[in-house]
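This report concerns only the one structure given below.
The values are calculated or read from the model by the stated rules, or taken from the named source; none is laboratory data. No experiment lies behind these values; they were computed from the predicted model shown. Because the Cβ atoms are built from the backbone with ideal geometry, glycine has one as well, and the counts that use them run over all protein chains shown.
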Amino acid sequence: MKRNRSPSPQVVRVMHALAAEPSRWRYGYDLGAEVDLKSGSLYPILVRLADRGLLEATWEPGPPGKPARHLYRLTAAGLDQVAQLATEAVAQRPPVPHRRWKEA
Amino acid sequence: MGSLVLVLILGSLTVVTLARLRRRGARTRPVDAPARLLAWAVGLLPADRADWGQAMVGELEQVRQRPKRWRFAAGCLAATLLLPARRAGAGPLVIGLVVAAATAGAALVAYGLLRYPAIIAGRGTWAALIAFAAVVAGLALLAVVLVRQGAPGGLALLGGLGTAGVWLLFGYAAVTYAPTRPALSWLLLALPLAPLAVGAAATRRGRTGAAGRRAALLSAVVAGLVLFLALAGVALLTAGGPYDAGQLRDFPGSGFPDMATYAVSDNLGTAMSLLLLASTVTATLGCASATVAAWFRRAPAPTA
């Protein structure tokens, strides 16, 4: 049976950063710097997101003699997941207590 | 002569492990130490994660400051060690078993030294212990690398257990039924069967000689460790007994205080030697079988 765990705060940060400009391809190093994640945490997150079909990747050819760079952006399923996370966050927020007229 | 064989086997193991680590990490020439570290780390990745390794290499190229390059490369090393293969299969189980067996082997030796402390004073004990630790650690590392490079864990585990089983049966028969030569000869013929079968079957399943050789090497690791655990375990459980004629003859000149200490020391040494011998023979036969099987796969079918 597939587990349906809620994503970690780090995963949420990465997804929100990618969802900020959904059509833009992002470099791994820049993304890590933006969400303040070291490469040791960032890459496992990116790999898991890609395995779940939430992230797509492409290669940008480097100059001659230099390695190509990997670029990332969320898939439609990834964007849906971000929207769902936002909905859940709103639903879980504690209700604002109403003041009574007499207390005001 | 024994030392020369030990050095040759250790050297071969080191070369095989380093070659496997370097193979996929060497697409671009590393320019500095962080790049070299990352190139090495990328070699640890499972075959189906190799593109992620190249992604890390591509990003490191953009990092200019040296401390940041070190931090990025070190983080990537941690990531490569943590990333599981996409199709893990029985691989993690085999890694767990190999690491457990290596730890158990080291624990058995440590127990033997505590139970029979006079062994430490024996000639060449420290050299043997250092070599043993290096071999066990090397075998465990080799198993991790092989599994992450896609070696079929289940097949290698079965082949390794089968090979160790035949070795143990042969050893038991040789001790118990020494006069019955024909039976021993038949068992001796059975020794190469398991590694040959593993190499050929893995090549057939993986469709390449490399796949067959990975399975053969992994089964050799399993066979060697299982054989060592069995022999060292029996030596410690029985205090080295029953003593054979050679041990009884050599004990007075050995310098050990009692027969049990001498026999345990001797048997642990034999177990360590067999760990190397069984692993090397199994790996050699399995790799040869895989190479031949791959050659037959490539050979064009005769046309009518």
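Name, by its number, the condition in (1) away from chain A (no Cβ under 14 Å); (2) under 15 Å from B:Val147 (Cα atoms); (3) surrounded by 16 or more Cβ atoms within 10 Å (Cβ to Cβ) that does not hold for B:Val42. Result: B:Val42 passes all but (1).
So which of A:Val14, A:Val96 ends up being of a type in the set (Val, Ile, Thr) and either surrounded by 19 or more Cβ atoms within 10 Å (Cβ to Cβ) or at pLDDT 95 or above (or both)?
Details: A:Val96 fails: either surrounded by 19 or more Cβ atoms within 10 Å (Cβ to Cβ) or at pLDDT 95 or above (or both).
Every option except A:Val14 fails the conditions.
Residues in region B:116-132 that are within 27 Å of the chain's Cα centre (by Cα) and not small (Gly, Ala, Ser) were compared, and the one that is modelled with the lowest pLDDT is B:Arg123. Give the residue, chosen from B:Thr282, B:Thr291, that is assigned to a helix (DSSP H, G or I) and surrounded by 20 or more Cβ atoms within 10 Å (Cβ to Cβ). Only one candidate qualifies: B:Thr282. In region B:178-206, the residue that is nearest to B:Val292 (Cα to Cα) out of those that are at pLDDT 80 or above and not in a helix (DSSP H, G or I) is B:Pro192.
Scanning region A:26-44 for residues that are at the interface with chain B (Cβ under 7 Å from one of its Cβ atoms), crowded, with 17+ Cβ neighbours inside 10 Å and closer than 16 Å to B:Pro67 by Cβ yields A:Tyr29, A:Ser39, A:Gly40. Hey, among the residues in region A:45-58 that are hydrophobic (A, V, I, L, M, F, W, C) and over 25 Å from B:Gln65 (Cβ atoms), which one's nearest to the other protein chains (Cβ to nearest Cβ)? Looking at the filtered set, the residue picked out is A:Val47.
Here the condition is being at pLDDT below 90 and not acidic (Asp, Glu); of B:Ala33, B:Ala39, B:Ala88, it holds for B:Ala88 alone.
Residue-wise test of (1) closer than 20 Å to B:Thr125 by Cα; (2) among the hydrophobic types (A, V, I, L, M, F, W, C); (3) not assigned by TED's automatic domain parsing to the domain that holds B:Leu113.
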site	(1), (2), (3)
B:Leu231	yes, yes, no
B:Gly241	no, no, no
B:Asn267	yes, no, no
B:Ala288	no, yes, no
B:Ala293	no, yes, no
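Taken together, A:Gly28, A:Gly65 contain a single residue that is within 16 Å of B:Gln54 (Cα to Cα), without any contact (Cβ under 8 Å) to a residue 12 or more places away in the chain and not aromatic (Phe, Trp, Tyr), which is A:Gly65. Give B:Leu93, B:Leu129 a once-over and let me know the one that is in a helix (DSSP H, G or I), touching a residue at least 12 places away in the same chain (Cβ under 8 Å) and either surrounded by fewer than 18 Cβ atoms within 10 Å (Cβ to Cβ) or touching a His at 6+ places or on another chain (Cβ under 8 Å) (or both). Answer to the check: B:Leu93.
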